[in-house]
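Q: Below is a structure I'd like to ask you about.
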Amino acid sequence: QRDTRVIKSQGLEVFFPFLDREFSITALTIPATLNIDPNKTPSRKLMFRELAMKLGVPKDVAMTPKRATQYSSGTSKMLDRSLREHVKILSKLSRKELHPAIQEYLDEMKYQ
């Protein structure tokens, strides 16, 4: 729910491919060897990496190992900082206390 609200607030459409029946059926017909090869580095998402290179994405970019977006992009820290600045009660919390409080705040927002 939270992700959907954030995405829509930016004027974008939400699409969860694995919740789409047709997409899932098609995805299940793809042989696993096109996606995973333990002898390659990185060993996962090979088909998408190959497609990216065919579309012109430089090899060093296409072959970069996957990282969790919220950490590698800095959005987690940006969200923490922004909420600390704009929600007074959060500004006094320790980092350990902050994340549950942020989640509670965002959960309340989705019902407004």
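The values are calculated or read from the model by the stated rules, or taken from the named source; none is laboratory data. Quick caveat, the model's predicted, so the values are computed rather than measured. Here Cβ is always computed from backbone atoms with ideal geometry, including for glycine, and neighbour counts include all displayed protein chains.
Q: Does residue 14 count as without any contact (Cβ under 8 Å) to a residue 40 or more places away in the chain, in a helix (DSSP H, G or I) and on the phi < 0 side of the Ramachandran plot?
A: no
Q: Quick check: anything in region 44-51 surrounded by fewer than 10 Cβ atoms within 10 Å (Cβ to Cβ) and outside the structural domain of residue 100 (by TED's automatic domain parsing)?
A: Looking through region 44-51, none of the residues is surrounded by fewer than 10 Cβ atoms within 10 Å (Cβ to Cβ) and outside the structural domain of residue 100 (by TED's automatic domain parsing).
Q: For region 52-72, which residues satisfy the criterion of being in a loop (DSSP other than H, G, I, E, B), at pLDDT 85 or above and on the phi < 0 side of the Ramachandran plot?
A: Scanning region 52-72 gives 55, 57, 58, 63, 64.
Q: I would also like to ask the following. Checking the condition closer than 21 Å to residue 107 by Cβ, part of a helix (DSSP H, G or I) and touching a helix residue (DSSP H, G or I) at 6+ places or on another chain (Cβ under 7 Å), which residue from 84, 49 passes?
A: The match here is 84.
Q: Another question, if that's okay. In this structure, is residue 103 among the polar types (S, T, N, Q) and surrounded by 10 or more Cβ atoms within 10 Å (Cβ to Cβ)?
A: yes
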